[in-house]
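Student: Quick one: the structure is below, and I'll ask about it shortly.
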């Protein structure tokens, strides 16, 4: 049984938190002396009204959430955040339709970074700030933030935590969910501060430094410039962004072990981290070689290859060069890296490196089983055996990802999108990257996509961010059965 | 008295005191204890072996769950042994519990350690556990604890349970009200007028699924399960007043089931000169038991069988104790024994959800080893000025013992003026001078008094703030 009042009441509190953020943005926008803060004000009022309505109408004792209520709470919160976050764009008049506004907003919260804006620089600074802020909030997780700051979640919090934060099962930083969430958010804020200072030192102005910090740490990809990072043409800024993208793509539990607990071995000895860095290095090398053979100077090739590989694999989606001009092999390699994504427990999307690593191991075990008929082999990650249940759910997840991927591609081509664009757009949305190939490449945008395609892609973004199960389960009949 | 480690939470701006407690074994006892301690804002880490059980705990408790062997150094390190203030070892294996405590002592010097042991050699282990090597603060033996509780009520047909508080100076007596009791239909006010022994008070009423902390106009009904507080030295007067006839001497008792708890009870009763018959179905087990007991007659027969019971002359026995490992057998055979003429039936029921139902069926008293253990552990876990917390039924009501602090609003007022929340009652006051009283509306609490409170679940924080200085939710 689902107790709707309980779910909606809790959603109300989350929206109340969003209202607070919107109000803060409005205030900052006012001091940035943006001429027009009316759209932000209207959005704040709408959001506040909805929050007040939900909190007051469904008032009741705070209860523990059941499994299903937890899933619904997560979904409703994400969708309502995306819808309310779309309002500033919609009210501003810079975006024509609600579809486009919603696309921009959900692309922000899911840290995808795909945009429908043709001329980003035309937007007032208040809206640009809001755009980057959606990334930052969604990066570490809306629900995780809620668990950390709203005292309403006790038992059942784990359920919510798991639905949003990948790989949370194995390691909890503190016995209490709320404290774990708080520790993760603290770390996130600390990194963001560090990046902001670094960008300022590299000569970026404070407004753009804030926006790019938000986009980088969340592995989002919204920039304040039409030409993305290429516009700055500064090796220092690129280097800083590369470093912080790398950091954001590594599990925050690992960062906690390294920086708070000072256990470097737990960080550098982690097979996922090693595999992640290895993949990045070999991807960069391969692309740099291809670029050198074709057109670039070797040093220049390494610089653009490194930036692009890190940007794509961490699912950030910043561009420092138009990779659509590169050799087809390099482009395909980038597409492949989109699937890999960052580490579990990071702000990055994608299938996640640890899963990929385990997949290799599972396949390897299958081969060994074929040779040694009676042999018993276990799959291990970091010297610890991975249970058959985990392997099973891993295989299911990968299968599900490909199934949705393929269905979404079919849907896109059905409304007239070409094959390359469809494949790249779906991958870029689902794995929360942003720019794709074809007509949605790094110098283009999603504005020209058919309306239906935009909704399909919005769905993909959310499905990818919440790792498929949470979104798809509500379409099963058994979920609604008593 | 040992200082209890206190920590100040850095969570939010709320000032709270808590401990980090490591629980070994996430079975029924481990999970129950954890649930309670989490509610009291402690940080809990549970080490559990079964993957399935771990997943279950992960879903239901706001605690860190570590899967692994409780006797492994690696696992305990992973569970954060070095940061733990307290270790509670309640796995199914004695060996693992002792090893866990050993590791905690040798490796991390964990300050407080509690272990459950099931071995019948627990007496020998106690001295070893208390020594330098293990330094375990509390060794609990479920059968021993339960046997102790059973023994207290064997000779009192109307009484279902007796518990002691305030270092034994205050007793809490549970009884089922039979339809012919003179108390039926009386309100609290009537009782007061009819002049009970001065130190007696009705503290709690369990009626069906309801829990009532009675006020002046609440009436007693047939079938109610009533808890009465009395000073221990006057408890027999209270029995007389309540119309409970204590058998002058318990003569004959049947025990069914030759598990350790059965043997434990038999040994205690035969020591008091009671004729005990112990029924056990397994012959080899019977032989083994006969080597342990002195005067008890070990009968190789099914003690839940009507024919057997009649043959063995059940009519008129003082108590029938159903202590097999099977809850259903225990419940049914207790009912049977009542019909066959046993004056009192006592059943061991381990499934917690059976407890309220079994009580309604008319079994005189019901004990669950699990609850007994959980109670014992929770009484031991001390937090600041709260000396113990005991739970009743499925945690619907609690008894708290605490020391009233100077300067709190409870001091120097009569209980009437104090306006405790509805659903809470002061059941006993023990003064540092040694004086013990069961309070009336005009009693006054003084600083340093040890106060026994009864309340409904969830009122604890409110009461805490009334009696304990600096508790509750002070802004840091």
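Student: Based on the Cβ-Cβ distance of residue A:197 and residue B:237, what FRET efficiency does E = 1/(1 + (r/R0)^6) give at R0 = 51 Å, to the nearest 0.05?
Tutor: On the way: r = 78 Å, r/R0 = 1.53.
Calculated value: 0.05.
Student: Could you work out, residue by residue across B:58-71, how many beta carbons of other chains sit within 10 Å of that residue's beta carbon, and then give the average as an integer?
Tutor: Working: counts 5, 8, 4, 4, 12, 6, 9, 4, 1, 2, 0, 0, 0, 0.
The shielding value for this peptide is 4.
Student: Right, another one. How do B:89-96, A:316-323, B:289-296, B:72-79 rank on mean C-beta neighbours within 10 Å, highest first? It would help to have the intermediate numbers written out before the result.
Tutor: Values: B:89-96: 20.8, A:316-323: 25.8, B:289-296: 14.8, B:72-79: 17.5.
Descending mean neighbour count gives A:316-323, B:89-96, B:72-79, B:289-296.
Student: Hey, another quick one. Let me know the whole percent of all Cα-Cα pairs from the range A:372-482 that are separated by more than 22 Å.
Tutor: Details: 2793 of 6105 pairs.
Cα-Cα pairs of the range A:372-482 separated by over 22 Å account for 46 percent.
Student: In peptide B:34-41, what is the residue-averaged number of other protein chain Cβ atoms found within 10 Å of each Cβ? Working shown, then result.
Tutor: Working: counts 0, 1, 0, 0, 4, 2, 0, 1.
Other-chain Cβ atoms within 10 Å of each residue's Cβ, averaged: 1.
Student: Would you calculate the separation in nanometres between label points at residue A:236 and residue B:446, each defined as 7 Å from the Cα along the Cα-to-beta-carbon direction?
Tutor: Once both label points are built, they end up 7.6 nm from each other.
Student: Additional query: What does DSSP give for the protein assembly as shown in terms of the percent of beta bridges that are antiparallel, rounded to the nearest 5? Can you show the working numbers first?
Tutor: Values: 51 of 91 bridges.
Among the beta bridges of the protein assembly as shown, antiparallel pairing accounts for roughly 55 percent.
Student: Can you classify chain B as rounded, prolate or oblate using the Cα gyration tensor, where a ≥ b ≥ c are the square roots of its eigenvalues, rounded means a/c under 1.5, and otherwise it's prolate if a/b beats b/c and oblate if not? Each step should come with its number before you reach the end.
Tutor: Working: a/c = 1.93, a/b = 1.09, b/c = 1.77.
Note, shape of chain B comes out oblate.
Student: Classify the range A:212-331: rounded, prolate or oblate, from the alpha-carbon gyration tensor (a ≥ b ≥ c, eigenvalue square roots; a/c under 1.5 rounded; otherwise prolate if a/b is larger than b/c)? Walk me through the intermediate numbers first.
Tutor: Working: a/c = 2.46, a/b = 1.48, b/c = 1.66.
It is oblate, given that a/c is not under 1.5 and a/b is not larger than b/c.
Student: Helix-only estimate, please: 222 nm mean residue ellipticity of chain B, summing -39500 (n - 2.57) across DSSP H runs of length 4 or more and dividing by its residues, to the nearest 500.
Tutor: Details: 16 runs with 145 residues, N = 476.
The helix-only estimate for chain B comes to -8500 deg cm²/dmol at 222 nm.
Student: What FRET efficiency would be calculated for the residue pair residue B:133, residue A:226, taking the C-beta separation as r and a Förster radius of 60 Å, to the nearest 0.05?
Tutor: Numbers: r = 73 Å, r/R0 = 1.22.
For R0 = 60 Å, the calculated efficiency reads 0.25.
Student: Pull up the DSSP beta bridges for the range B:178-318 and report the antiparallel fraction as a percent, rounded to 5.
Tutor: Once the DSSP bridges in the range B:178-318 are tallied, antiparallel ones form about 55 percent.
Student: Can you tell me how the range B:23-88 classifies by the Cα gyration tensor, rounded, prolate or oblate, using a/c under 1.5 as the rounded cut?
Tutor: Working: a/c = 1.80, a/b = 1.13, b/c = 1.60.
Oblate.
Student: With 10 Å bins from zero, work out the P(r) of the protein assembly as shown over every alpha carbon pair and list the percent per bin.
Tutor: 2, 10, 17, 19, 16, 13, 10, 7, 4, 1, 0
Student: Then there's this: Tell me, what is the FRET efficiency for residue A:415 and residue A:292 to the nearest 0.05, using R0 = 41 angstrom and their Cβ-Cβ distance as r? Numbers along the way, then the final one.
Tutor: On the way: r = 40 Å, r/R0 = 0.97.
Approximately 0.55, to the nearest 0.05.
Student: Right, something else. Given Cα pairs under 8 Å that are at least 6 residues apart, what percent is the relative contact order of chain A?
Tutor: On the way: 786 pairs, mean separation 77.3, N = 482.
Relative CO of chain A lands at 16 percent.
Each value in this text was obtained by applying a stated rule to the coordinates, not by laboratory testing. Since we're looking at a predicted model, the values are computed, not measured. Glycine gets a Cβ as well: all are built from the backbone with ideal geometry, and neighbour counts include every protein chain shown.
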